[in-house]
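Visitor: Sharing a structure here in structure tokens format.
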Amino acid sequence: MKNSADLIGRILIGLFFFYEAFDTMVFFDDTRETLTSYGINFAQDFLIVCSIIILLIGAIMVIIGYYASIGALLLFIYWLVFTIVVYSFWNEPEETKSLYMVSFMRNLALCGGLLILVANGAKQFSVKRILHVMRLPR
């Protein structure tokens, strides 16, 4: 049961970040405008392309379980920076502060899940384990 739950959890987390990458690609120009609204005006296209690459590589690594810890670490670093920049509730007016705080805490919970994956790695249902088991004797 633990291994099945691990696989399903990794798939769900990976699909979330795949969606983020897809959304960023589809709405590339809107993402550029959003960066401008947050005061990030330098190398916007480069930052967006790097974020798409990090999201895709991290999601693939997490889903298939090939160095899932490294993929989760990439996603954790990206998502923590994203959360601090986008949901900085301490800079918001009082009427929207609690909404931003809830979103900030939700994203921190996702960061916590990624850190658990960093600590534990992928379990039985992973490409890395399958490759290790299938090694031919020397």
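Laboratory data are not the source of any read-out in this text; all were calculated from the coordinates shown. Here the structure is a predicted model, which means the values were calculated and not measured. Positions of Cβ are generated from backbone atoms using ideal geometry, with glycine treated the same way; all protein chains shown enter the neighbour counts.
Visitor: Once phi is turned into θ = phi - 60°, what whole-Hz ³J(HN,Hα) does the Karplus curve with 6.51, -1.76 and 1.60 give for every residue of the range 82-90, x standing for Gly and Pro?
Guide: After applying 6.51 cos²θ - 1.76 cosθ + 1.60, I find 4, 5, 5, 6, 7, 10, 6, 5, 5 Hz.
Visitor: Treat the count of other C-beta atoms within 10 Å as a stand-in for reagent exposure and order Val127, Val81 from fewest to most.
Guide: Val81, Val127
Visitor: Still on this structure, please answer the following. Return the long-range amide H neighbours of Ala122 (sequence gap of 5 or more, or a different chain), with a cut-off of under 5 Å between placed amide H atoms.
Guide: Correct list: Ala68, Ser69.
Visitor: Another one. If you take the Cα Rg of the chain and divide it by 2.2 N^0.38 Å, with N the number of residues, what do you get?
Guide: Cα Rg divided by the expected 2.2 N^0.38 Å: 1.21.
Visitor: While we're looking at this one, here's another question. Tell me the mean residue ellipticity at 222 nm calculated for the chain from its helices only (DSSP H runs of n ≥ 4, each -39500 (n - 2.57), averaged over every residue, nearest 500).
Guide: -27000 deg cm²/dmol
Visitor: Of Ala21, Ala43, Ala109, which has the largest mean-square fluctuation in a 10 Å C-alpha GNM of the chain?
Guide: Per the Cα network of the chain with a 10 Å cutoff, Ala43 tops the list.
Visitor: Sorted by packing (mean other beta-carbon atoms within 10 Å per residue), highest first, where do 49-60, 95-106 land?
Guide: My ranking of the peptides, most packed first, is 49-60, 95-106.
Visitor: Can you give me the C-alpha center-to-center distance between the range 62-124 and the range 1-44, rounded to a whole angstrom?
Guide: For the range 62-124 versus the range 1-44, the Cα centre distance is 11 Å.
Visitor: Report the local net charge at Leu7: Lys and Arg +1, Asp and Glu -1, summed over other residues whose C-beta lies under 12 Å from its C-beta.
Guide: Values: positive: Lys2, Arg10, Lys123, Arg129; negative: Asp6.
Net of charged neighbours comes to +3.
Visitor: Give me, ordered by chain and number, the residues 5 or more places off Gly65 or on other chains with an amide H under 5 Å from its own placed amide H.
Guide: Val127
Visitor: Using the Karplus curve 6.51 cos²θ - 1.76 cosθ + 1.60 with θ = phi - 60°, work out ³J(HN,Hα) for each residue of the range 40-51 in order, rounded to whole Hz, and write x for Gly and Pro.
Guide: 9, 10, 9, 6, 4, 4, 4, 5, 5, 5, 4, 5
Visitor: Let's see if you can work this out: charge +1 on each Lys and Arg Cβ, -1 on each Asp and Glu Cβ, no other charges. What is the dipole magnitude of the range 28-138 about its Cα centre, in debye to the nearest 20?
Guide: 1060 debye
Visitor: Applying the Karplus parametrisation 6.51 cos²θ - 1.76 cosθ + 1.60 with θ = phi - 60° to the phi angles of the range 5-13, what ³J(HN,Hα) value in whole Hz is obtained for each residue in order, glycine and proline being reported as x?
Guide: Each residue's phi maps through the Karplus curve to give 5, 4, 5, 4, x, 5, 5, 5, 5 Hz.
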